[in-house]
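The values are calculated or read from the model by the stated rules, or taken from the named source; none is laboratory data. Bear in mind the structure is a predicted one, so any value in this text is a computation, not a measurement. A quick note on method: Cβ atoms are made from the backbone with ideal geometry, for glycine too, and the neighbour counts reach across all protein chains shown.
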Amino acid sequence: MILVSACLLGENVRYDGGNSHNEELLEVLKGREIVPICPEVAGDLPVPRPPSEIVGGDGKDVLAGRAGVMSVEGEDLTAAFIKGARKVLEGLDRQEVEFAILKAKSPSCGVDRIYDGQFKGQLRQGPGVTAAYFMNMGIEVYTEEELDKIKIN
């Protein structure tokens, strides 16, 4: 089973109420068991919702209690992001998860780059909260920008 950010599959769950439908990704995964996930919705955040960024670090720092997730309006959403990261794995046999393909640059799903917490469009190195959580669980993570790295059996 492959976990995939629901927005990449065309579900309207992004913060702006839209999606990031990726036809190339769907072609690569054709015939595979796909489980759509949206950690932010799983964390009980609404659609649409104000943009959020990690302030003071990356997803690893959030999980360690050294950083937080804030909305552009100044609301602390850290608990919702952590809850969503955990909730998307509930009921799944982690041994059956081959890998995850997550939305690049997202404060939840970004794998190697996320926005820097200043809400000015600048990127920093590091994973989002869910990507960091998956890494901690031993789940390989990729973004839709890394389809060439994914080895489909």
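Give me the pairs, please: first residue somewhere in segment 130-149 and among the small types (G, A, S), second residue anywhere and part of a helix (DSSP H, G or I) and surrounded by 16 or more Cβ atoms within 10 Å (Cβ to Cβ), beta-carbon distance under 7 Å, and either six or more positions apart or on two chains.
A131/G59; A132/G59; A132/K60; A132/L63
On the basis of being over 14 Å from Y133 (Cβ atoms), surrounded by 17 or more Cβ atoms within 10 Å (Cβ to Cβ) and in contact (Cβ under 8 Å) with a residue 40 or more places away in the chain, does L25 make the cut? Write out each step before concluding.
Working: over 14 Å from Y133 (Cβ atoms): yes; surrounded by 17 or more Cβ atoms within 10 Å (Cβ to Cβ): yes; in contact (Cβ under 8 Å) with a residue 40 or more places away in the chain: yes.
Considered against the rule, which asks whether it is over 14 Å from Y133 (Cβ atoms), surrounded by 17 or more Cβ atoms within 10 Å (Cβ to Cβ) and in contact (Cβ under 8 Å) with a residue 40 or more places away in the chain, L25 comes out as yes.
Any residue at all in segment 70-87 that is crowded, with 16+ Cβ neighbours inside 10 Å, in contact (Cβ under 8 Å) with a residue 60 or more places away in the chain and either β-branched (V, I, T) or more than 15 Å from R113 (Cα to Cα) (or both)?
Within segment 70-87, none of the residues are crowded, with 16+ Cβ neighbours inside 10 Å, in contact (Cβ under 8 Å) with a residue 60 or more places away in the chain and either β-branched (V, I, T) or more than 15 Å from R113 (Cα to Cα) (or both).
Could you tell me whether I34 is closer than 15 Å to T130 by Cα, modelled with pLDDT of 95 or more and surrounded by 16 or more Cβ atoms within 10 Å (Cβ to Cβ)? If you could, list the steps in order and put the result at the bottom.
On the way: closer than 15 Å to T130 by Cα: no; modelled with pLDDT of 95 or more: yes; surrounded by 16 or more Cβ atoms within 10 Å (Cβ to Cβ): yes.
Spelling it out, it is not the case that I34 is closer than 15 Å to T130 by Cα, modelled with pLDDT of 95 or more and surrounded by 16 or more Cβ atoms within 10 Å (Cβ to Cβ).
If the requirement is being surrounded by fewer than 16 Cβ atoms within 10 Å (Cβ to Cβ) and at pLDDT 95 or above, which of these qualifies: N136, N153? Walk me through it before giving the result.
On the way: N153 fails: at pLDDT 95 or above.
Of N136, N153, the one residue that is surrounded by fewer than 16 Cβ atoms within 10 Å (Cβ to Cβ) and at pLDDT 95 or above is N136.
Could you say whether any residue in segment 35-45 is among the hydrophobic types (A, V, I, L, M, F, W, C), in contact (Cβ under 8 Å) with a residue 24 or more places away in the chain and assigned to a helix (DSSP H, G or I)?
Within segment 35-45 (the criterion being among the hydrophobic types (A, V, I, L, M, F, W, C), in contact (Cβ under 8 Å) with a residue 24 or more places away in the chain and assigned to a helix (DSSP H, G or I)), the answer is yes, since at least one residue qualifies.
Just name the residue that is surrounded by the most Cβ atoms within 10 Å (Cβ to Cβ) out of those in segment 108-129 that are β-branched (V, I, T) and touching a residue at least 60 places away in the same chain (Cβ under 8 Å).
Ranking the qualifying residues of segment 108-129, first place goes to V129.
So, V35, is that one farther than 27 Å from K149 by Cβ, of a type in the set (V, I, T) and out of contact with any Phe, Trp or Tyr (no Cβ under 6 Å at 6 or more places or on another chain) or not?
Values: farther than 27 Å from K149 by Cβ: no; of a type in the set (V, I, T): yes; out of contact with any Phe, Trp or Tyr (no Cβ under 6 Å at 6 or more places or on another chain): yes.
Spelling it out, it is not the case that V35 is farther than 27 Å from K149 by Cβ, of a type in the set (V, I, T) and out of contact with any Phe, Trp or Tyr (no Cβ under 6 Å at 6 or more places or on another chain).
Look through V55, V62 and report the one residue that is under 14 Å from Y133 (Cβ atoms), touching a residue at least 60 places away in the same chain (Cβ under 8 Å) and either touching a Pro at 6+ places or on another chain (Cβ under 6 Å) or not charged (D, E, K, R) (or both).
V62
Looking only at segment 116-135, which residues are under 14 Å from the mean Cα position of the chain (by Cα) and either hydrophobic (A, V, I, L, M, F, W, C) or outside any loop (DSSP other than H, G, I, E, B) (or both)? Walk me through how you get there before you give the answer.
Quick first cut of segment 116-135, residues under 14 Å from the mean Cα position of the chain (by Cα) only: 126-135.
The answer is V129, T130, A131, A132, Y133, F134, M135.
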